[in-house]
1. Return the residues of region 102-121 that are acidic (D, E) and under 20 Å from E154 (Cβ atoms); say none if nothing qualifies.
2. Look at D88 and say whether it is at pLDDT 70 or above and more than 24 Å from E122 (Cβ to Cβ).
3. Looking at region 194-221, which of its residues are within 13 Å of K172 (Cβ to Cβ) and either exposed (fewer than 14 other Cβ atoms within 10 Å of the Cβ) or among the basic types (K, R) (or both)?
4. Can you tell me which residues in region 158-193 are of a type in the set (S, T, Y) and buried (at least 20 other Cβ atoms within 10 Å of the Cβ)?
5. State whether the residues of region 169-182 include one that is in contact (Cβ under 8 Å) with a residue 12 or more places away in the chain, farther than 23 Å from P224 by Cα and in contact with a strand residue (DSSP E or B) (Cβ under 6 Å, 6 or more places away or on another chain).
6. Going by the conditions given, is V54 closer than 24 Å to T139 by Cα, among the aliphatic types (A, V, I, L, M) and either at pLDDT 70 or above or surrounded by 15 or more Cβ atoms within 10 Å (Cβ to Cβ) (or both)?
7. Are any residues in region 88-141 touching a strand residue (DSSP E or B) at 6+ places or on another chain (Cβ under 9 Å), among the charged types (D, E, K, R) and either crowded, with 18+ Cβ neighbours inside 10 Å or over 22 Å from T43 (Cα atoms) (or both), and if so, which ones?
8. Given the conditions (1) surrounded by 17 or more Cβ atoms within 10 Å (Cβ to Cβ); (2) modelled with pLDDT of 95 or more; (3) small (G, A, S), report the number of the one that A149 does not fulfil.
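The values are calculated or read from the model by the stated rules, or taken from the named source; none is laboratory data. Note that this is a predicted model, so its numbers are computed, not measured. Here the Cβ positions follow ideal geometry from the backbone for every residue, glycine too, while neighbour counts run over all protein chains shown.
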Amino acid sequence: MNSVSQPTPRSNYLGNWMLGALALAVTTIVIVVGLQTWRLRATIDEIRALGGDVEWDSPAWIQAWTQEQPFPWCVTYRQVHLSYTVVDDSAFRRYMGVFDGFTDVERLGLSSTGLSESTLSELGTLPSLTQLDLDGTHTSDVALKQICAITTLEELSITNTNVTDAGVVHLKRLPRLAVLSLDGTLVSDASAENLAGIRTLEVISLSNTQMTDEGVTVLQSRFPLLDLTDD
């Protein structure tokens, strides 16, 4: 007659310990995912309450499962719109932390916000931006120098800011810049040559600046088909 070995107290202990550890790990993961999901959706609700918005992409099956709600680690943030909101430096940095540092954001709207020069300067680290709206902000020559590190930028609007000819010099570092709005800035004829050196430019707006017909002539001589929009 064959004998059946009975589990030893030690094997029972190890088995129970492993089950307990597994249960703890699963519980921890569920809690972390739950907290991250709550934080993400609460932040989006906060931005929308301010009058802004966030647009994102995620796999179709994720959208179906979450009823088109964002889910951490399975979402790519494409656009963040904060223009004309009361967002401050602290909140903006917090939003960046929640949305993966804005590393995938392609369009960012910050017009008429009160963000400081130092915070605006930090935008130069964003690797995917193609469109940036900074109308009526504290954008200065110093901030613009840092912003011009965004080599993916195609459209830049900095109307009604304190940008001068000294800041315009840095725009030539943007190899894809096609649309540029400089209305209401302190730009003068001294910037004509620098702007003419941006070979990718297709549209430029210079209303209410210090540039005269002489400067415009320089631009038109370099770009006969350039749209010098004057609203």
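1. D104, E106
2. no
3. G197, R199, T200
4. Within region 158-193, T159, T161, S181, T185, S191 meet the criteria.
5. For region 169-182, residues in contact (Cβ under 8 Å) with a residue 12 or more places away in the chain, farther than 23 Å from P224 by Cα and in contact with a strand residue (DSSP E or B) (Cβ under 6 Å, 6 or more places away or on another chain): absent.
6. Answer is yes for this residue.
7. Those that are touching a strand residue (DSSP E or B) at 6+ places or on another chain (Cβ under 9 Å), among the charged types (D, E, K, R) and either crowded, with 18+ Cβ neighbours inside 10 Å or over 22 Å from T43 (Cα atoms) (or both): E106, D133, D135.
8. (1)
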